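Okay, structure first, notes after.
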Amino acid sequence: MSDTMASSGFNLKEWIFTTDHKRIGILYLIGSIAALAVAGLMALLIRAEQFSPGMQLISNGDTYNKWLYFHGAAMILAFLIPGLTGFLANYVLPLMIGAKDVAFPRINAFSVWLFFAAIIIALLGFVVPDAPDIMWTGYPPYSVKTPGNTAFYVFTVHLLGFSSILGAVNFLVTVIYLRAPGVTWFKLNIFVWTTVAAFVIQLVFIPVLAAAVTMLLFDKYLGTHFFDPAQGGDVLLYQNLFWFYSHPAVYVIFLPAVGVLFEVISTMGKNRVFNYKAAVYAIWGIVAITGEVWVHHLYVAGMPDWIRIGQMVTTLLISVPVGLILLSLWGTLYRASITYNTAMLYAAACLFLLLVGGLTGIPLAMTVVTVHLAATAFVHAHFHFVMGLFAAFCVFTGVYYWFPKMTGRFADGKLATLSFWINMIGVNLTFWPLFIIGVDGMPRRYYDYPQFPQFESYHHLATYGAYITAVGMLGMIVNWVYSAFAGRKAPENPWGSASLEWTHCPSPPGPGNFPEDVVVSEDWSPYEYENRPSGARTATAPAE
Amino acid sequence: MNRFERLLTLSFGAVASLAAGAASASEAAGYGGGAAGSGGVSDPAAGWNHLWNEVLIDITVIGVVFGVAALYMLIRYRAKSPTAVGHGPKLKGAAAVAFALVPAAIFMADDFFLSAKGWTLWNIYRRVPPNALEIKVTGHQWYYEFDYGNGVNVVAMPGSDDYLRVPVGRPIVMRMTADDVIHSLSLPHYRVKEDIMPGRMTYIWFLPTEARKDVVTCTMFCGDNHSQMWTNIEAMPPAQFEAWLASQKKQAQGQRAVENKG
Amino acid sequence: MRGLGAILAVAVLTLLGGVGVAGAQYPREPESEIDPNLFRIDEKSALGVKLDADLPLVDQEGRGFRLGDLLGKPLVVVLAYYRCDGTCSVVNRDLKNVLADVRRMEMGRDYRVLTITFDKNDNQETLAKFRQGLELPDKWLKEWTFALPGDQGALRRMTDSIGYKYFWSPRDKTFFHPGVYVVLSGEGRASRFLYSTATSARDLELALIDAQAGQIAEPRDIINFAVSLCYSYNYKEGRYTINIPLFVGLGALVFGVLALVVSVVGYRWYKRKERTA
């Protein structure tokens, strides 16, 4: 980034109208980190309000509900999904497959514009009176009856959905048709596989969400009765349609996040991915099952008993492909030769966050256990471990790992390590107490809990944890901005990776990515270190 | 390669036998919704606590095995020199398939084990005993209304003395609906909740086994005062409950008489 | 005022059994100023109410039985009267016509029907005459019970419990009552209220499926459940409408799958065309 700036000078117009996938990736990163910052601020306000029973910061619940809405919607729709499938996929996926750019560069540019338009609409919700207060789920009848402006929510979802669909088409075509000669399907980086799987999920399921929120819009503003039970609407159908997309959306986040871990652990451990093919099939196993598990979000919503039991089995069974992916991840550590740096530190932490998040999902897959745990702090802690901690930490892992690729510089190691430990301590302090009070019945989405005075000390801990995390996050972002311009210069392939984005192009890559057309030999693999063909830029060079 | 296979086989064998052990131990401990309440009705809440402990053991075992393995490998396999490379196994053919199928089978076994356990208790949760006392619940923004029949209607404003009262020792079934938006009736102590919505009836049942006072609260986001939509539930000795119900009935009749006059 | 009265009278008529049928077969309804909305059942509060299973009744053979004896499977309850002082109750005739078109469910196997009179002047004689006049098919004679109340007070408590109102209007020389079919679940809970004027065979089928409360016992129940998903119940009007959001959602899913196929296949086609051009 700084190099290109130094050589050509910073030109805002060039950035806005860029069709270069790398610059678009950086734009996604800036947008999603901005969303993280605002939504993180909301999280701090939420935690401060929950510090004690009674009202600390607010005079009525409406304000708090707006924070919750924005925190949830922005974190998932504007930070995690764009951070993983916007920023990371854009920046590194074409490099990994040896492509000069994506298949439709201008559509790609349009996607990122839509993304920014969506963020602006979401933020506008705060400026106009009556911001949405409907949680990121927007269940009717409340979302129809509320004075809040549900339209901001609907349009945000529309724009992001449209952006994601265009992105999905673009990247699927790119991976299928633009792989460099020799980069065959079973030599693709796991990150490429996970991203492709995520985009397939996006493409198939997003229209359903778009349809659901559109009908919500009609109900609220045009007087239709799609979801109004009194007028023949179906009060539960919105929830079904919503989760029919939104549970797969968890895997849209989870899969690329795991993909990042594979890249980092394999590179830092100079080790091949354990049972690569099993991991690839497991990824597609998740895609196959993910459309049949949404009812676990509706275990206490009054669905017929037999559906709740049927989907308990499918939900539990998704642990089989997830388990196989974990096994490959763990196996990649076996007999590795691990070099520790910030990216590896985050990756190692992610393994433990994933364990806690994943395993606490098992009781929640069981209908009868969820009959008590649904909508409690336990659920809150579970999905924050998966999404907020694991997936977010994977984004950070990716940023640190590809930082030299993007900027040609290293992020400052000391500040990075310090902020890592602050973050790690902070997030664990925030969410472990919530597991405990969740089992005792503390509900989610409460700003006041006069009925549960016994939980106050746990809320104290969680709030302190959030404050600590805020310090760590601030340190991390300051580090990125500072190091992007003034960090220590990095060599072309600082980690000694075998993957194409490191071996075949300069850091940062110029227009067209690769100085020469990429052709790889038959024994090439992004994960092969033992019998490495060649570290040279041209892979046409014979193996050693 | 051989050593490696043996190692992994051992570790997964350990997981499997631990899971099987936990299963048989829990079977031996006698499962069936925990201690049977009065009248041979099993108490769903006791069953829940029992199942919860089993699941907790299950996930703790898996978590510890994976966690310790990760920690061990992260420390053990640090790079000896900057140029050192890893020597992870290159799985081919049967070994690759075996390393996918065997763990998949183990995970699946655990899934089905948990499914069976969950289903058994679920059936208890959904089959209301015939002698249950029925209370009709209506959710409003932001309070509950409990209808005992015969004109006894308790409007339970948060924190007031009008709250849900039930007799000890008799199953209670709540038939629930809502007036405006979706709410939820959560009884954390009795380990049960279900959403309540306009135009549909949902139900839960539970068995109060001792006299005590607990919280009833809303767990489905329902607007500004969602956090303050709560009341109490008091399980009372049957005689005391009957006396209370009779007094309420009298009051209701009195009220009706006044209304008829006016 | 007269104009309004006429409108209301037409509305009551409609409620009682349909202008066409009633007008053609029975003496014209006298004008009245009764608000038909009085007779709407407030479903929001009546839904799920468990009817008194011990309600004493006497059937067409003169045998005493309890309401609970007919439960175990969904039960359609019709409240009416057997004598035709001013006008006859057409609710039963309407129900017979609708049931003739119900194909998914079979009377006896899947559900039963019970008619109860609320006219205390009715007796076995008027019952028998009325029943004969209905001309039920033979296979229904056993499954469609016609009953007299064993205890007027108990019947009144039962109708009160679901908010069913009826009274004799001396001026109009007729009973005013909602023409409603109360569909009970197998355990005797009020599950659906369908109005005779607006009910089609499909509505009744769906109401009976709903009254089975998601119990899946046989393969055909799964098909029935799938059919019931396609419609949603309007509790203000007591009828079923197509569940549009479901089809919109399914359409969106098809769109997504098509988008996937088109983008993958379409690009190949586009590239090939480009190469040959």
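The values are calculated or read from the model by the stated rules, or taken from the named source; none is laboratory data. Only a predicted model underlies this, so the values are computations on that prediction, with no experimental measurement involved. Don't worry about glycine lacking a Cβ; one is built from the backbone with ideal geometry, like all the others, and counts go over all protein chains shown.
Filtering the stretch A:305-325 to residues that are facing another protein chain (nearest Cβ under 7 Å) and either within 29 Å of residue A:417 (Cβ to Cβ) or out of contact with any helix residue (DSSP H, G or I) (no Cβ under 8 Å at 6 or more places or on another chain) (or both) leaves only A:306. A single entry from B:213, B:136, B:193 fulfils the requirement of being buried (at least 24 other Cβ atoms within 10 Å of the Cβ), of a type in the set (D, E, K, R) and out of contact with any Cys (no Cβ under 6 Å at 6 or more places or on another chain): B:193. Are any residues in the stretch A:357-379 among the hydrophobic types (A, V, I, L, M, F, W, C) and under 18 Å from residue B:66 (Cβ atoms), and if so, which ones? Matches in the stretch A:357-379: A:359, A:362, A:365. Applying a threshold of 7 Å to beta carbon distances and a minimum spacing of six or more residues, or different chains, the list of pairs starting in the stretch B:135-158 at a residue that is touching a residue at least 24 places away in the same chain (Cβ under 8 Å) and farther than 22 Å from residue B:223 by Cα and ending at one that is surrounded by 21 or more Cβ atoms within 10 Å (Cβ to Cβ) and basic (Lys, Arg) reads B:136/B:175.
In the stretch C:87-133, the qualifying residues are those that are among the β-branched types (Val, Ile, Thr) and over 20 Å from residue C:66 (Cβ atoms), and the one that is modelled with the lowest pLDDT is C:87. Determine whether the stretch C:104-116 contains at least one residue that is outside any strand (DSSP E or B), of a type in the set (S, T, N, Q) and without any contact (Cβ under 8 Å) to a residue 60 or more places away in the chain. Looking for residues that are outside any strand (DSSP E or B), of a type in the set (S, T, N, Q) and without any contact (Cβ under 8 Å) to a residue 60 or more places away in the chain, one finds none in the stretch C:104-116, hence no.
Output yes when any residue across the stretch B:95-103 is touching a Ser or Thr at 6+ places or on another chain (Cβ under 7 Å), modelled with pLDDT under 95 and not assigned by TED's automatic domain parsing to the domain that holds residue B:191, and no when none is. Within the stretch B:95-103, not a single residue is touching a Ser or Thr at 6+ places or on another chain (Cβ under 7 Å), modelled with pLDDT under 95 and not assigned by TED's automatic domain parsing to the domain that holds residue B:191.
Here the condition is being closer than 30 Å to residue C:125 by Cα and either within 14 Å of chain A (Cβ to nearest Cβ) or within 11 Å of the chain's Cα centre (by Cα) (or both); of C:180, C:248, it holds for C:180 alone.
Screening residue B:203 against (1) at pLDDT 95 or above; (2) touching a strand residue (DSSP E or B) at 6+ places or on another chain (Cβ under 8 Å) leaves a single unmet condition, (1).
For the stretch A:139-175, the tally of residues that are assigned to a helix (DSSP H, G or I), closer than 14 Å to residue A:209 by Cα and more than 10 Å from chain C (Cβ to nearest Cβ) stands at 12.
Report yes if residue A:91 is crowded, with 23+ Cβ neighbours inside 10 Å and touching a His at 6+ places or on another chain (Cβ under 9 Å), otherwise no. It is true that residue A:91 is crowded, with 23+ Cβ neighbours inside 10 Å and touching a His at 6+ places or on another chain (Cβ under 9 Å). If we scan the stretch C:194-216, do we find a residue that is more than 21 Å from the chain's Cα centre (by Cα), surrounded by fewer than 18 Cβ atoms within 10 Å (Cβ to Cβ) and free of Cβ contacts under 8 Å to residues at least 40 places away in the same chain? Yes, the stretch C:194-216 has at least one match.
Selection of first residues in the stretch A:419-431 that are more than 14 Å from residue A:390 (Cα to Cα) and of second residues that are at pLDDT below 95 and part of a helix (DSSP H, G or I), restricted to Cβ pairs under 6 Å at least 6 apart or on distinct chains, gives an empty result.
Here is a yes/no grid of residues against (1) under 28 Å from residue A:63 (Cβ atoms); (2) surrounded by fewer than 24 Cβ atoms within 10 Å (Cβ to Cβ):
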| position | (1), (2) |
| --- | --- |
| A:405 | no, no |
| A:408 | no, yes |
| A:414 | no, yes |
| A:433 | yes, yes |
| A:439 | no, yes |
| A:446 | yes, no |
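For beta carbons closer than 8 Å, sequence separation of 6+ or different chains, a first residue in the stretch B:65-79 that is more than 8 Å from chain A (Cβ to nearest Cβ) and a second that is part of a helix (DSSP H, G or I), the qualifying pairs are B:65/B:11; B:65/B:14; B:65/B:15; B:65/B:18.
Screening residue A:301 against (1) in a loop (DSSP other than H, G, I, E, B); (2) small (Gly, Ala, Ser); (3) more than 9 Å from chain B (Cβ to nearest Cβ); (4) in contact with a helix residue (DSSP H, G or I) (Cβ under 7 Å, 6 or more places away or on another chain) leaves a single unmet condition, (3).
Which one of these is touching a helix residue (DSSP H, G or I) at 6+ places or on another chain (Cβ under 9 Å), surrounded by fewer than 21 Cβ atoms within 10 Å (Cβ to Cβ) and of a type in the set (A, V, I, L, M, F, W, C): A:206, A:176, A:190, A:201? From the options A:206, A:176, A:190, A:201, the qualifying one is A:176. Exactly one residue out of A:216, A:241, A:261, A:222 is surrounded by fewer than 24 Cβ atoms within 10 Å (Cβ to Cβ) and within 14 Å of another protein chain (Cβ to nearest Cβ), and it is A:222.
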